[in-house]
């Protein structure tokens, strides 16, 4: 984003740097592995952030975008604050998720993370408010009946103890305004 | 009277209703006025940015622009307060990156202009509720309001991730080992236990993506608190509270354990120490009931308003699994504690 006014990115590394808001410092990575060692879900990732960054430098675009790594990022920012080179790792993961969705490569991972993000995005654009995660659980109950048996007490508890209801969330008054803003932002992003 | 703009966010209005109710209940005791931002929208949590990056900044930009607008002819309060960690992070991050990058600020404002809005980076200062209580109101004033000290409560303070990190404006000093909530709990008369996992991840959205990943993260925290003999976990994040409380039951099933560690918002405990009615503070909404604690420690009954989910039977401690943790002696063997 910072360098979008400059010439077109020459390779995947430059593309990722250009797409990350602020200064990504991705090119400063020294491959020390502090990120992977600090990551709460690192053990379940296809590649540690360090390995993924090496792959970005090697221009392995498709392999990077097929990796489950960005989708297993929990946005805890441990890697970001511990990185000795101050690489904005969490922000880079968001940029990679965007690339993966646009390239339609995430489906090959067979993980529901992208689906969750897309459902969430859809709710925000439809109501201006989210079905937050408690409601996402409810969403699961409704749309993944195989999970129903195991999760029934949780769903029931949500309804009785949390006083959630099954109706749609209230729409904000400025929904048209919000969508006009989001539409223009999408146009700007596509033009970049 | 200290006045602030207030961004409650979607979670505080639904699953974390106890957090919102208890926060609002503290206003008069603390001479605090929280004015809700008019017609705010969702902050995008950790999901919107995954699908649309620049629009995720514009999404938050609308909230910042609304917070900076004068209301009823009066200038907006210079400080915008959020209670939810994800909301706080997203608001702070958007403002910070817009201050850092003129290019991003310009693009966000080009988008905002489509809705007739504009945001001058830095126009509002984004701060977390805990920061306001510690640094603006102060521990002395909080301590002075305590009428029902939480004597004998063993509290583990749990911050989660997104308030102490990345902490763009250095409000919390230590990204991995903050102490503010501990100081606050001590001011309320509680005994604070050392909880090394206090800024480790609760699993975030992983409960929706990978059960094995998320339940393991939840187990570490709950087992850690249990083995340090905490009566409860106190937190400042709706997501953490939801994962550790609602999913504690599922985690117990997954690992065949029987932990019973209530997870309560810090504002609920402040209100309790101030003598406010527990029902008004949202007690009774938690899955892992804190009713026995309130009864044992304070002699306060929380009426069961709704059908409660049955609490696992005591004794609550399951067989330790995973990494070995230091075992604390059972109660009665630590005579020196308060």
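Taken together, the values in this text are just the output of simple stated rules run on the coordinates, not laboratory data. Remember, predicted model here, so these are calculated numbers, not experimental data. Note: ideal-geometry Cβ built from the backbone for every residue, glycine included; neighbour counts use all protein chains shown.
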Practice problem: Once you've got the GNM for chain B with C-alpha springs shorter than 10 Å, pick whichever of B:13, B:182, B:286 has the biggest mean-square fluctuation. | Solution: B:13
Exercise. Report, in whole Å, the centroid distance computed from the Cα atoms of the range B:271-289 and the range B:191-216.
Key: 23 Å
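Considering every residue in B:213-221, what mean count of other chain Cβ atoms within 10 Å of its Cβ is obtained?
Mean partner-chain Cβ count within 10 Å for B:213-221: 2.
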Practice problem: Per residue of B:239-246, count partner chain C-beta atoms within 10 Å of its C-beta, then hand back the mean as an integer. | Solution: 3
Practice problem: Enter the Cα centre distance for the pair the range B:226-270 and the range B:100-132, rounded to the nearest angstrom. | Solution: 35 Å
Quiz item: What residue among B:44, B:61, B:271 has the largest mean-square fluctuation in a Gaussian network model of chain B, using Cα springs under 10 Å?
Solution: B:44
Exercise. Assign one of three labels to chain B, namely rounded, prolate or oblate, based on the Cα gyration tensor with a ≥ b ≥ c the square roots of its eigenvalues; rounded applies when a/c is under 1.5, prolate when it is not and a/b is larger than b/c, and oblate otherwise.
Key: prolate
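What average count of beta carbons from other chains do you get within 10 Å of the Cβ of residues in B:113-121? Present the calculation step by step, with values, prior to reporting the outcome.
Numbers: counts 3, 11, 10, 4, 5, 0, 0, 0, 0.
Shielding by partners across B:113-121 averages 4.
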Self-check item: Computed lengthening from residue B:173 to residue B:227, 0.36 nm per intervening residue step minus Cα-Cα distance
Solution: 16.7 nm
Practice problem: Of the DSSP beta bridges with both residues in chain B, give the percent that are antiparallel, rounding to the nearest 5. | Solution: 5 percent
Practice problem: Please state, to two decimals, what the Cα-based radius of gyration of the range B:2-130 comes to when divided by 2.2 N^0.38 Å (N = residues). | Solution: 1.03
Quiz item: When only C-alpha pairs under 8 Å and at least 6 residues apart count, what is the relative contact order of chain B, in percent?
Solution: 17 percent
Quiz item: Once both axes come from the Cα atoms, what is the angle between helix B:85-100 and the longest principal axis of chain B, in degrees from 0 to 90, rounded to 10?
Solution: 30 degrees
Quiz item: By counting other Cβ atoms within 10 Å of each Cβ, how are B:145, A:171, B:256 ranked from fewest to most?
Solution: B:256, A:171, B:145
Quiz item: To the nearest 10 degrees, how steeply does helix B:102-113 sit against the main Cα axis of chain B, on a 0 to 90 scale?
Solution: 80 degrees
Quiz prompt | Rounded tilt (10° steps) of B:211-227 against the dominant C-alpha axis of chain B | solution = 60 degrees
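Classify the range B:147-298 from the C-alpha gyration tensor, please: rounded if a/c falls under 1.5, else prolate or oblate depending on whether a/b exceeds b/c.
oblate
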Quiz item: Pick from B:190, B:212, B:25: which is most flexible by mean-square fluctuation in a GNM of chain B where alpha carbon atoms under 10 Å apart are linked?
Solution: B:212
